[in-house]
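Enquirer: One structure, pasted below without further comment.
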Amino acid sequence: MTLDRIELRGLRARGRHGCLPAERELGQEFVVDVTLGLDVRPAAAGDDLSRTVDYGSLAGQLVAAVEGEPVNLIETLAERLAKICLEDPAVQEAAVTVHKPAAPVPHPFTDVAVKIVRSRS
């Protein structure tokens, strides 16, 4: 069966993630994109929010995680966010991208991001 997709893109939150002391002290904005794989037919058939993902509620959980306990790596943060996505029983797969647009890179750049894909197994 091919999974349907729900996307939440450009979710912004301030966190204190990073290896450098200044990143922990000052914090910076992180941008999160998630793509959820699930079957939306039951929700669509009954026009029933309880049979799909409440992306407003999910956004709140993801923002709380970004704003929460700091980690050194955005790889670790991405894993944390994917786990939150997969806690919803409707979600079979989660692709999470964590962007760190203000990463401490000493050269001109547009973005630093880590993208992971996790599924139930």
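Enquirer: Quick check on this structure: which one of Ala78, Ala59, Ala82, Ala113 is open to solvent by 50 Å² or more (accessible area, probe 1.4 Å) and modelled with pLDDT of 95 or more?
Expert: Only one candidate passes the filter, namely Ala113.
Enquirer: Moving to a separate point now. What helices (runs of 4 or more DSSP H) completely inside the range 38-121 contain at least 2 residues that are over 12 Å from the mean Cα position of the chain (by Cα)?
Expert: 41-46, 55-67
Enquirer: Give the residue that is farthest from Ile6 (Cα to Cα), with candidates limited to residues of the range 18-37 that are in contact (Cβ under 8 Å) with a residue 24 or more places away in the chain, out of contact with any Lys or Arg (no Cβ under 6 Å at 6 or more places or on another chain) and assigned to a helix (DSSP H, G or I).
Expert: Ala22
Enquirer: For the range 85-110, enumerate the residues that are β-branched (Val, Ile, Thr) and open to solvent by 70 Å² or more (accessible area, probe 1.4 Å).
Expert: Listed by number, the list holds a single entry, Thr110.
Enquirer: Could I ask something else about it? Six or more apart or on different chains, Cβ atoms under 7 Å: show the pairs whose first residue is in the range 81-103 and touching a residue at least 60 places away in the same chain (Cβ under 8 Å) and farther than 17 Å from Leu3 by Cα and whose second is part of a helix (DSSP H, G or I) and among the β-branched types (Val, Ile, Thr).
Expert: Pairs found: Val98/Ile74; Lys100/Ile74.
Enquirer: Criterion first (surrounded by 12 or more Cβ atoms within 10 Å (Cβ to Cβ), in contact (Cβ under 8 Å) with a residue 24 or more places away in the chain and among the acidic types (Asp, Glu)) does Glu7 satisfy it?
Expert: When the stated conditions are applied, Glu7 does not pass them.
Enquirer: Within the range 10-55, work out how many residues are among the aliphatic types (A, V, I, L, M) and open to solvent by less than 40 Å² (accessible area, probe 1.4 Å).
Expert: Final tally of qualifying residues: 9.
The values are calculated or read from the model by the stated rules, or taken from the named source; none is laboratory data. This structure is a prediction, so every number in the text was calculated from the model and none was measured. Methodologically, a virtual Cβ is constructed for each residue, glycine included, from the backbone with ideal geometry; neighbour enumeration extends over all protein chains shown. Please note that ligands, DNA and RNA were not included when accessible areas were found on the heavy atoms of the full protein model with its side chains. Shrake-Rupley method; radii C 1.70, N 1.55, O 1.52, S 1.80 Å.
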